[in-house]
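Heads up: the structure comes next, in structure tokens.
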Amino acid sequence: MGQRIGLFGGTFDPPHTGHLAGAAAARSALGLDRVIFVVANEPWQKSNQRPVTNAHHRLAMVRLLVEGVDGIEVSDLEIARGGPSYTIDTVKELRAGDHEVILVVGADAAAGLDSWDRSDELRELVEVAVVDRPGYFFSELNGWRLHRVIAESVDVSSSGVRDLVSGGASTSDSIPSTIRSYIDLHGLDWS
């Protein structure tokens, strides 16, 4: 018998403490064996909205975020697959190992689930852990099996972190110092 796996996919540009708090809360609330952060190779819903940091940098930063955290892992599955990243393909790959896959998303992303690629098929394959986010409300979506996950309230977003970095401001409340050091070392710039 397989495991109950939380799939937390995303752009993670950059990853922040809110991502980690949400993953930990979902693992605890739903009794998941593990949560896997899956870094999108080409996030098809974002790549034509703004420049996205190279996937290998985003993967390295997510590894720094979860380092030493029990039950939370990182996967380069979508990067290795190449091309645009679609959650449905990743779910099918994980389910092939006889695992139950629970999709972990923030309340902001949950509202757009019906716009995801092959959402009708995805809806049949997964349950969804919807992690509370400040300023967003949990809402039911027709046909989706949703579980509300109350997480430690962390009012942080990747866009907010990008703005702080671009402005040269402190990010100590938003990302671990190891990620800020990585950003500075590699000259990642979102201005």
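So in segment 127-147, with the set limited to residues that are within 30 Å of A96 (Cβ to Cβ) and within 16 Å of the chain's Cα centre (by Cα), which one is surrounded by the fewest Cβ atoms within 10 Å (Cβ to Cβ)?
Looking at residues that are within 30 Å of A96 (Cβ to Cβ) and within 16 Å of the chain's Cα centre (by Cα), I get E127.
Please indicate, with yes or no, whether at least one residue in segment 15-36 is closer than 16 Å to D108 by Cβ, part of a loop (DSSP other than H, G, I, E, B) and modelled with pLDDT of 95 or more.
Yes: segment 15-36 contains one or more residues that are closer than 16 Å to D108 by Cβ, part of a loop (DSSP other than H, G, I, E, B) and modelled with pLDDT of 95 or more.
Of everything in segment 48-62 that's without any contact (Cβ under 8 Å) to a residue 24 or more places away in the chain and out of contact with any Phe, Trp or Tyr (no Cβ under 9 Å at 6 or more places or on another chain), which residue is nearest to I5 (Cα to Cα)?
Looking at the filtered set, the residue picked out is H56.
Consider segment 3-45. How many of its residues are hydroxyl-bearing (S, T, Y) and touching a residue at least 40 places away in the same chain (Cβ under 8 Å)?
The number of residues fulfilling the criteria is 2.
Report, ordered by the first and then the second residue, all pairs with beta carbons closer than 8 Å, sequence separation of six or more or different chains, a first member in segment 162-187 that is under 21 Å from A55 (Cβ atoms), and a second member that is surrounded by fewer than 13 Cβ atoms within 10 Å (Cβ to Cβ).
Close Cβ pairs (under 8 Å, with a partner that is surrounded by fewer than 13 Cβ atoms within 10 Å (Cβ to Cβ)) amount to V165/D189; S166/D189; S166/S191; T178/E67; R180/S172.
Could you look through segment 37-56, keep only residues that are of a type in the set (A, V, I, L, M, F, W, C) and outside any loop (DSSP other than H, G, I, E, B), and pick out the one that is farthest from the chain's Cα centre (by Cα)?
The qualifying residue farthest from the chain's Cα centre (by Cα) is A55.
The values are calculated or read from the model by the stated rules, or taken from the named source; none is laboratory data. This structure is a prediction, so every number in the text was calculated from the model and none was measured. Here the Cβ is made from the backbone with ideal geometry for all residues, glycine too, and neighbour counts use every protein chain on show.
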